Amino acid sequence: MGEEVFIDANIFLEIFLENEKADNCEFYLKSSAGKNQTITTTDFIIHSCLLTILRKTNSLELARNALVFFSNLYQLKIIVPSIDDLSNALDLMGQRNLDLDDSLVVACMNGHGITELASLDRHFDKVKGIKRIEL
């Protein structure tokens, strides 16, 4: 298979909440299939997206639609963070001044040999070893 790119929660949320860059984010995810590209995220990010949708919209329908969207991304690989990933994330919080969510992204990327990250968060630009793809 082709390259592997980690997808941050904000890419999915941009689509689900129909924010400003929703079209660009959706195009990127759907076009990855044509590029023979694996897109990767964590179950933690999926849970976070559902919680954010429910908190911001109180819409079970939108949350269900998000699950359908995830399930229709056939090139999506979902990582379940290990205890080591979680421990490394806690270490990164202190070393890199990142919150737990972002530290877990970095820890999972490092643990799975992924170097590219699709994210709207520019603070990842300062993380050594990660190339952020800006959408």
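Classify the range 59-135 as rounded, prolate or oblate, taking a ≥ b ≥ c as the square roots of the eigenvalues of its Cα gyration tensor: rounded when a/c is under 1.5, otherwise prolate if a/b is larger than b/c and oblate if not. Since a/c reaches 1.5 and a/b is larger than b/c, the shape of the range 59-135 is classed as prolate. Shape class for the range 10-97, computed from the alpha carbon gyration tensor (a ≥ b ≥ c): oblate, with a/c not under 1.5 and a/b at or below b/c. Would you mind checking K56/K128; K56/K131; K21/K77 for any pair whose Cα atoms are more than 28 angstrom apart? Violating the 28 Å Cα-Cα cut-off are K56/K128; K56/K131. Which aspartates and glutamates does K35 reach when only Cα atoms under 16 Å apart count, and residues fewer than 8 places away in its own chain are ignored? Candidates past the 8-residue exclusion: E3, E4, E26, E116. Simple point charges give the picture: +1 on the Cβ of Lys and Arg, -1 on the Cβ of Asp and Glu, and for the chain a dipole about the Cα centre of about 100 debye. Computed from label points 7 Å out along Cα-Cβ, the spacing between T115 and D99 is 2.9 nm.
Loop-located trypsin sites (Lys or Arg not before Pro) across the range 28-58 with a Cβ neighbour count of 16 or fewer within 10 Å are K35, with loop assigned by DSSP.
Less than 13 Å Cβ to Cβ from E20, Lys/Arg counted +1 and Asp/Glu -1: what total charge do the surrounding residues give?
Charge balance near E20 sits at -3.
Values quoted throughout were computed directly from the atomic coordinates according to the rules given, and no laboratory measurement underlies them. Only a predicted model underlies this, so the values are computations on that prediction, with no experimental measurement involved. In this analysis, Cβ positions are derived from the backbone assuming ideal geometry, glycine residues included, and neighbour counts consider all displayed protein chains.
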